[in-house]
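Comments concern the structure below.
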Amino acid sequence: METALAHSEVVLASASTEKVAATFRGAISTLREREALVVLWPGLRHADQAAGMSLRTVTDPRAMTLPGRGALVYRGTCLPIQIVLPRPENNGLPIEHPV
């Protein structure tokens with residue numbers, strides 16, 4: 001992973017929020033410090049610790065566990081995101097969930 005980062009290659013990793021929040025060295029810690037981080041369900045326990053900052057401003061308290069809700073954390077800023085999957089039976093239109 002260190003070699004890939006040194007060569008500006010794309011690195012994609014995943015881990016549970018609890019694991020990221022509790023890891024202080026190694027690959028997960030390096031990625032958390034250097035690269036963009038996507039936190040799904042940012043209002044749940046340990047999300048702030050995993051991101052290294054408060055995610056309150058990007059969390060919708062009315063939809064804490066709505067699938068696809070998340071936060072993009074990069075260089076001290078965070079943005080709310082919504083990840084959607086296309087509906088295979090509906091010509092690729094995104095799935096919509098009312099809030």
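Which residue pairs have Cβ atoms under 8 Å apart, sit 6 or more places apart or on different chains, and have a first residue in segment 3-21 that is over 12 Å from GLN49 (Cα atoms) and a second that is among the small types (Gly, Ala, Ser)?
VAL10/ALA4; VAL11/ALA4; ALA13/ALA27
If I ask for residues that are of a type in the set (Val, Ile, Thr) and in a helix (DSSP H, G or I), which ones from segment 21-45 would you list? Let's see the steps before the verdict.
First pass over segment 21-45, keeping only residues of a type in the set (Val, Ile, Thr): 23, 28, 30, 38-39.
Listed by number, the residues that qualify are ILE28, THR30.
So, ALA50, is that one touching a residue at least 12 places away in the same chain (Cβ under 8 Å) and surrounded by 14 or more Cβ atoms within 10 Å (Cβ to Cβ) or not?
Working: touching a residue at least 12 places away in the same chain (Cβ under 8 Å): yes; surrounded by 14 or more Cβ atoms within 10 Å (Cβ to Cβ): yes.
Against the criterion (touching a residue at least 12 places away in the same chain (Cβ under 8 Å) and surrounded by 14 or more Cβ atoms within 10 Å (Cβ to Cβ)), ALA50 qualifies.
One line per residue, one yes/no per condition, for (1) without any contact (Cβ under 8 Å) to a residue 24 or more places away in the chain; (2) over 24 Å from LEU85 (Cβ atoms); (3) surrounded by fewer than 16 Cβ atoms within 10 Å (Cβ to Cβ); (4) over 11 Å from the mean Cα position of the chain (by Cα):
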| position | (1), (2), (3), (4) |
| --- | --- |
| SER29 | yes, yes, yes, yes |
| ARG45 | no, yes, yes, yes |
| THR65 | no, no, yes, yes |
| LEU72 | no, no, no, no |
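Checking the condition of a type in the set (A, V, I, L, M, F, W, C) and in contact with a Cys (Cβ under 6 Å, 6 or more places away or on another chain), which residue from VAL58, VAL38 passes?
Working: VAL38 fails: in contact with a Cys (Cβ under 6 Å, 6 or more places away or on another chain).
Result of the check over VAL58, VAL38: VAL58.
Taken together, the values in this text are just the output of simple stated rules run on the coordinates, not laboratory data. A quick note: this is a predicted structure, and the numbers were derived from the prediction, not measured. No Cβ is skipped: glycine too gets one built from the backbone with ideal geometry, and neighbour counts run over all protein chains shown.
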